[in-house]
1. So which residues in region A:298-314 are assigned to a helix (DSSP H, G or I), of a type outside the set (S, T, N, Q) and within 22 Å of A:Pro339 (Cα to Cα), if there are any at all?
2. Can you name the condition, by its number, that A:Asp227 falls short on among (1) open to solvent by 40 Å² or more (accessible area, probe 1.4 Å); (2) closer than 30 Å to A:Glu474 by Cα; (3) in contact with a helix residue (DSSP H, G or I) (Cβ under 8 Å, 6 or more places away or on another chain)?
3. Restricting to region A:455-475, count the residues that are more than 9 Å from chain B (Cβ to nearest Cβ) and surrounded by fewer than 18 Cβ atoms within 10 Å (Cβ to Cβ).
4. Of everything in region A:588-605, what is surrounded by fewer than 15 Cβ atoms within 10 Å (Cβ to Cβ) and on the phi < 0 side of the Ramachandran plot? Give them in sequence order.
5. Can you name the residue in region B:138-151 that is open to solvent by 40 Å² or more (accessible area, probe 1.4 Å) and of a type in the set (S, T, N, Q) and, of all such residues, is nearest to the other protein chains (Cβ to nearest Cβ)?
6. Just checking, which of A:Gly486, A:Gly478 is assigned to a loop (DSSP other than H, G, I, E, B), within 14 Å of chain B (Cβ to nearest Cβ) and not hydrophobic (A, V, I, L, M, F, W, C)?
7. Name the residues in region A:315-336 that are farther than 23 Å from B:Arg152 by Cα and open to solvent by 30 Å² or more (accessible area, probe 1.4 Å), would you?
8. For region A:498-584, give me every one of the helices (runs of 4 or more DSSP H) that falls completely inside it and has 2 or more residues that are out of contact with any Leu (no Cβ under 7 Å at 6 or more places or on another chain) and more than 14 Å from chain B (Cβ to nearest Cβ).
Amino acid sequence: MSRLEGPNQIAELQREILEKRGKFGHEIAVCGGPGCRAIGCEEVFRALRDEFQRAGCGEDVHLKWTGCRGLCAGGTIVVIDPGGIFYQGVTPEDAREIVEETVLRGAVIERLLYVDPTSGEIARAQDEIPFYRGQTRLLLEQIAQLDPSNIEDYVAAGGYAALAKTLDRLQPAEVIEEIRISGLRGRGGGGFPTARKWTACREAASSDGTKYLICNADEGDPGAYMDRSILEGNPHSVIEGMLIGAYAVGANQGYVYVRHEYPLAVQSILTARDQAQARGLLGENILGTGFDFHIKVSRGGGAFVCGESTALIASLEGKIGEPRPKHVHTAVRGLFNKPTVLNNVETWANVPLIISRGGAWFAGIGTESSTGTKVFSLVGNIRNTGLVELPMGTPLRMIIESIGGGVPGGKKLKAVQSGGPSGGCLPADRIDLPVDFDRLAEAGSMMGSGGLIVMDDETCMVDFAKYFVEFLAEESCGKCVVCREGLDRMRDILTAITEGNGTPESIELLEELCEVMKDASLCALGATAPNPVLSTLRYFRDEYDAHVNGGRCPAGVCRALITFHIDAAACTGCGACARECPEGAISGEIGLAHSIDAEMCIQCGICRTTCRFDAVMTD
Amino acid sequence: MIELTIDGAKVRAEEGMTVLEAARTQGIVIPTLCHFDGLSPYGVCRVCVVEVVKGKRSSLEASCTLPASEGLVIRTGSPRVQRARKVVMELLLSTSPKSKLLQDMAANMGVTKVRFQQKDRDCILCGLCVRYCEQQMQSGGLGFVGRGVSRRVGTAFDEMPEECRNCGGCEWVCPVCEQACRADDLIDGLCGGCLNAVPVESCPICTECSQSVGAEGHRTFR
């Protein structure tokens with residue numbers, strides 16, 4: 001692999017690679033995203049490779065990995081070019097058929113195609129699937145096309161052209177100006193204008209001239225995996241973004257702080273870094289321009305709080321990962337007390353796009369105050385779980401109904417939680433809200449890093465708030481009293497409410513505690529921790545009241561507050577529930593309606609999940 | 001010199017001072033717990049929070065870590081500050097009901113009931129002992145272990161640290177074990193103040209920690 005000696009050699013390399021690529025007859029891309037890996041795409045890949053060898057396809061066929069394709073509900077996904085034939089739910093057993101039918105004979109295997117559950121339409125290629133049609137996939141489409149372990153894929157797709165342009169033709173101030181025009185705001189949660197951060201760091205004095213860059217890849221929100229997918233699927237975009245940022249602010253050393261629980265992301269960024277170094281795109285004298293930039297990859301030990309900028313910096317410095325008061329911005333005094341720019345993975349990945357296509361182009365996407373696109377991880381009670389990318393300001397309804405395919409199982413949408421554990425819930429009647437930084441904050445939630453958890457009408461909002469409070473109580477670093485003890489007591493109060501021991505006073509105390517935590521916590525983790533409670537109190541107050549005053553759980557979730565009974569009209573007397581009941585509390589003759597002995601019932605709910613006729617009811 | 005406004009009064013402070021220090025030069029009392037002269041500010045007990053007014057908006061900040069800066073407008077006893085301090089005291093007392101210092105401070109702030117479940121963990125993790133050991137004794141034998149509610153003060157491998165010279169400073173500086181409240185029955189989580197009914201001038205706790213308890217002394221116990 002030869003070293004590139006000048007900015008103009010990037011374009012030459014791209015031409016060379018494309019010429020070489022033109023010779024392949026078929027390209028078979030297997031999705032290697034987190035969802036597909038969990039379902040076993042590695043076996044699919046091996047099976048396909050074996051089948052190609054057996055069929056003797058050799059040179060004509062290019063089998064490759066790609067990053068996450070987004071439609072995780074349809075894993076494992078295999079896409080075959082030419083034609084872009086999109087197969088979903090592929091298992092190793094399908095490999096032979098794919099090779100013999102599709103690759104060798106050009107026939108499409110219908111049963112592996114996507115069928116739209118509402119219209120019944122069959123989609124042959126990705127663009128025909130409603131899930132993809134509604135999206136604006138700037139970052140995700142790159143991930144879906146590229147082999148993350150191969151720098152040539154990235155260069156062939158126009159990668160590192162933005163770096164070449166920056167080093168060849170732009171002054172640092174011009175780079176920052178372009179970012180300012182683009183209106184890019186931090187994707188990690190806070191939504192701080194990126195250009196302002198960079199300017200502050202550029203202007204900050206450093207005694208020996210040292211400045212640092214950090215990529216925050218410590219994504220820890222339950223159900224969120226946007227950054228993971230980007231780092232696993234397109235690590236070069238992050239490196240290129242950091243290179244451009246380093247040039248703009250005058251830094252020579254960067255760190256990628258990535259979770260240890262993301263081994264593939266760690267491997268992916270390390271491989272990419274080494275490849276970039278070998279090509280002269282990273283290290284000393286980059287592209288022969290005299291600009292130096294090094295990247296170290298640092299692994300986090302699994303503390304959620306280390307996603308907070310000052311805790312992350314403490315952890316990088318080798319100290320305990322605890323936040324400190326942020327009276328001086330990290331852009332002025334950050335890592336090792338030097339000016340430091342810390343941005344999230346997705347923010348860095350957006351930078352090359354902005355430099356290539358211009359800030360004005362980026363600003364034209366989204367809304368006036370929130371520009372560009374945002375990647376969301378759409379999870380929970382929704383048909384198409386997965387990663388989606390949309391222009392800022394897209395109404396929540398469109399995300400849930402047209403792209404997500406709605407709530408499955410004939411149930412109704414109850415609420416959507418955005419922004420991870422520190423975010424808030426929006427009730428179903430607010431789903432026409434446009435999703436951007438400011439609208440969400442006004443509604444009592446937040447953008448966060450882009451997690452969207454959809455809940456159906458069988459979710460108890462008190463129980464839901466308790467889940468997040470429990471998560472945060474575990475993950476609080478324990479440094480400041482309000483967060484450590486406050487979350488612990490909040491958990492006590494919520495547990496009491498869900499167990500039927502709550503009083504109207506406990507709700508009042510809960511509200512006061514929430515307000516004080518918001519006010520008096522040391523860092524953003526504590527200050528935003530009450531959001532799940534406050535937002536559910538705001539929109540679902542009646543549910544709290546029902547627990548406390550009526551002693552019942554309207555959603556039928558809190559076990560201490562519900563009783564099970566069988567609807568005699570719906571029961572067919574199949575006896576399935578009686579066989580499964582661990583307490584032997586269900587009796588009845590086969591063919592006749594059964595009944596539950598309330599004294600013996602332990603409210604485990606097994607009968608309800610067992611019953612195929614929805615005859616088990618709760619009060 | 002810089003000038004800031006604390007409780008309506010113009011206060012001149014030196015560059016590098018915290019808001020707490022600036023307030024004290026003027027005799028303005030802000031209660032503190034994890035702060036100790038001679039140890040680095042830590043900002044974790046949140047008892048010293050003050051309201052920072054920025055136009056129509058305001059926020060609460062710990063005064064012990066907040067740098068005094070030109071034009072800053074501070075309120076040390078606004079209703080918002082008082083509410084936060086009271087809840088903080090309730091949280092602290094539910095963790096460590098036997099601390100005389102905490103009981104005194106709570107009484108002075110007008111806390112009449114601890115509404116949270118009692119936990120009896122004693123240590124409030126103010127970090128005074130850890131900082132004292134490291135910064136005054138140059139020893140560093142103590143540190144924090146774990147996170148969240150399982151966080152505790154400990155030594156390496158839970159063994160007597162080599163660095164320890166048995167100076168006893170950790171015990172002396174501790175607001176919980178230095179002088180325990182001897183009340184047997186807590187009413188609503190509070191000691192009732194019976195044992196504190198001594199004149200302010202001769203109360204060793206108050207004279208030693210007047211900076212913490214404040215000039216109001218034992219008013220609430222009369």
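The values are calculated or read from the model by the stated rules, or taken from the named source; none is laboratory data. As the structure is a computational prediction, the values presented were derived from the model and not from experiment. Please note: Cβ atoms are built from the backbone with ideal geometry, for glycine as well, and neighbour counts cover all protein chains shown. These area figures cover heavy atoms from the full protein model, side chains too; ligands, DNA and RNA do not enter into them. Shrake-Rupley method; radii C 1.70, N 1.55, O 1.52, S 1.80 Å.
1. A:Val305, A:Cys306, A:Gly307, A:Ala311, A:Leu312, A:Ile313, A:Ala314
2. (1)
3. Count: 4.
4. Residues satisfying the conditions are A:Glu589, A:Ile590, A:Leu592, A:Asp597, A:Ala598, A:Glu599, A:Met600, A:Ile602.
5. Ranking the candidates gives B:Ser150 first.
6. Exactly one residue qualifies, and that residue is A:Gly478.
7. A:Lys326, A:His327, A:Val328, A:His329, A:Val332, A:Arg333, A:Phe336
8. A:531-539, A:541-545, A:576-580
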